[in-house]
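The values are calculated or read from the model by the stated rules, or taken from the named source; none is laboratory data. Note that the coordinates shown come from a computational prediction; the quantities given were computed from them, not determined experimentally. Note that each Cβ is placed from the backbone with ideal geometry, even for glycine, and that neighbours are counted across all protein chains shown. In case anyone asks, the SASA skips ligands and DNA or RNA and just uses the protein heavy atoms, side chains included. Shrake-Rupley method; radii C 1.70, N 1.55, O 1.52, S 1.80 Å.
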Amino acid sequence: MLHVIPQILIHHVNYSIPNDRMLFQALNLSLSAKKIGLIGRNGTGKSTLLKLIMGEVLPDAGSIHVTGELSYCPQQFDEPGETCIAHVLGVKTKLDALSRIEAGSTHEEDFKLVDDDWLIAERTHQQLIEFGLQHIALTSTLDMLSNGEKTRLYLAKAFLTHPDFIILDEPTNNLDSASRAYLYTAIAKWKKGLIVVSHDRALLNLMDEIIELTTLGATIYGGNYDHYITQKELHLQANLRELSDAKKALTSSKISIQGSREKREQKKSRGRKLRLTGKTDKMSANSKKGRSEKTQSRLATQSEMLLQNAKEKLQEAKSKIECIENINVDLPKTFVPNGKVIVEINNLSFSYTEHSSPIINQFNMKIMGPERIGLMGKNGCGKTTLIKLIMQSLTPSSGSIKLGVDQISYLDQTTKILHEQSSILDNFLRLNPSANQMDAQHALAKFLFRNVNANKLVKNLSGGEKLRAALACTLMADIPPQLLILDEPTNHLDINSIASIESALSCYQGTMIIITHDMTFLKNINVTRCIYAPFHAL
């Protein structure tokens, strides 16, 4: 029997979105059974490409040919809450038939349904164990699971059928650190094809290949994410050298053309003087003039071609560079001296109801100076509750919290401080009433919202732009916070947006408390200490 090699061939694919913006133009990719990370800014078409591969949407032109079995785990799940777990996993029919056979059924239809998959129950149970879901009964329903458990369930389903390609769209968005570890282990063990859209750099470091989608097209980088970063920098430097050489060549061409033009003008001037002094006869002068005009016409054409060629090379060099800026701003007003007590928590306990177990119990913590603290732990273990207690929007059941600074700002992933229907500029002026329009525009420009971009409505911004705008309104205030609290700031942001936020936070000189499951983010913003929930007395 002929062995068919699993692959996905994308040939000259065009695809445009409803506003007629071309998302892909003549896209060509050949994807083999490797672990492939698909990255790029939000809006470059990563999720759309997965849908094209799965056949959920069709290309405007070109073709996609898939050899092998696919399994897909999307970002959103739309099955109703009363759906049972066995049905979600796609094993209910087989398990029911197997149960009837074990009870004595001899119906041929039951044996056809089982299809010699006699270990389906054991395989399913093992898959649930591998994603930390062994406590979930196959007869229970989706509405009994947390969001994180639902995500892990659909991930378990993707791996269960052992397809040729597993396709995952932002699989870690709703997962805490422990849940991510299950997925990392499953991916590390996986020997077949995998295509994953993700901004999780720890996950991307498990890949064999990175494909980056940009406004310039798709570029393939062999190796994992760290290798991609190295190769990307080398490519950028090479492109910048090409751009510099093209600029020099254009300048040189202009100087050469100008020099030739000046020499011709000087020669013409000498000829006019000779005619005026009578040192050359009229016939000779006219003959020389005719030859000169033909020469000038030929040289002008050559000069125009030389200049056009230099301009085209410059434009080609520019087209290879996608401009991505980091934020570099001085924030001296956020400075916090070493040794200053910022937060002091003594014997803190908190329960949401009088008779429920305390979610925080006899907890003690002291934050001093410009410390950067990461709050870590499973979803639902009290991280956000602790923040609300520090912000005094909740009252402790017992114990105390003392704050050493007056200016505290809290930003979550929804950026509630911004009014959606207003522009970034209007939001800045509302949140900073002492600032004039020029001050606001200058401050926003520091956070890469220059000129007309400052007039964008918040509702039209991406998640990364919203967080960047919120940071600009907060950190560029006349009296900025000396304690900045961030709750899951990188959720749903693309890698470039995260890098931009990291560069902004690197400029901050105050104290930070960050809730996140993104260990790479914590490392890049130089977090000095991690505190793990549950927040109970040791």
### Task
Can you give me the number of residues within segment 439-458 that are touching a Ser or Thr at 6+ places or on another chain (Cβ under 9 Å) and either of a type in the set (Asp, Glu) or assigned to a helix (DSSP H, G or I) (or both)?
3
### Message
Condition first: acidic (Asp, Glu) and surrounded by 21 or more Cβ atoms within 10 Å (Cβ to Cβ). Now tell me which residues in segment 489-505 satisfy that.
### Response
Asp494
### Query
hydroxyl-bearing (Ser, Thr, Tyr) and either within 19 Å of Glu209 (Cβ to Cβ) or in contact with a His (Cβ under 8 Å, 6 or more places away or on another chain) (or both), is that true of Tyr184?
yes
#### Entry: strands (runs of 3 or more DSSP E) (entirely within segment 326-379) containing at least 3 residues that are within 25 Å of Ser503 (Cα to Cα) and open to solvent by less than 50 Å² (accessible area, probe 1.4 Å)
372-376
### Task
Select from segment 169-179 the residues that are buried (at least 20 other Cβ atoms within 10 Å of the Cβ) and assigned to a helix (DSSP H, G or I) and list them in ascending order.
Ser179
### Query
Of everything in segment 506-538 that's within 23 Å of Ile479 (Cβ to Cβ) and outside any loop (DSSP other than H, G, I, E, B), which residue is most open to solvent (accessible area, probe 1.4 Å)?
Ser506
### Query
Is segment 195-202 home to any residue that is part of a loop (DSSP other than H, G, I, E, B), touching a Cys at 6+ places or on another chain (Cβ under 9 Å) and touching a residue at least 40 places away in the same chain (Cβ under 8 Å)?
no
### Message
With the requirement that a residue be modelled with pLDDT under 90, open to solvent by 60 Å² or more (accessible area, probe 1.4 Å) and under 17 Å from Ile498 (Cβ atoms), what does segment 193-228 give you?
### Response
none
### Query
Of the residues in segment 490-505, how many are under 25 Å from Ile479 (Cα atoms) and of a type in the set (Ser, Thr, Tyr)?
2
### Task
Tell me which residues, restricted to segment 130-168, are open to solvent by 30 Å² or more (accessible area, probe 1.4 Å), more than 19 Å from Lys94 (Cβ to Cβ) and free of Cβ contacts under 8 Å to residues at least 40 places away in the same chain.
Gln134, His135, Met144, Glu149
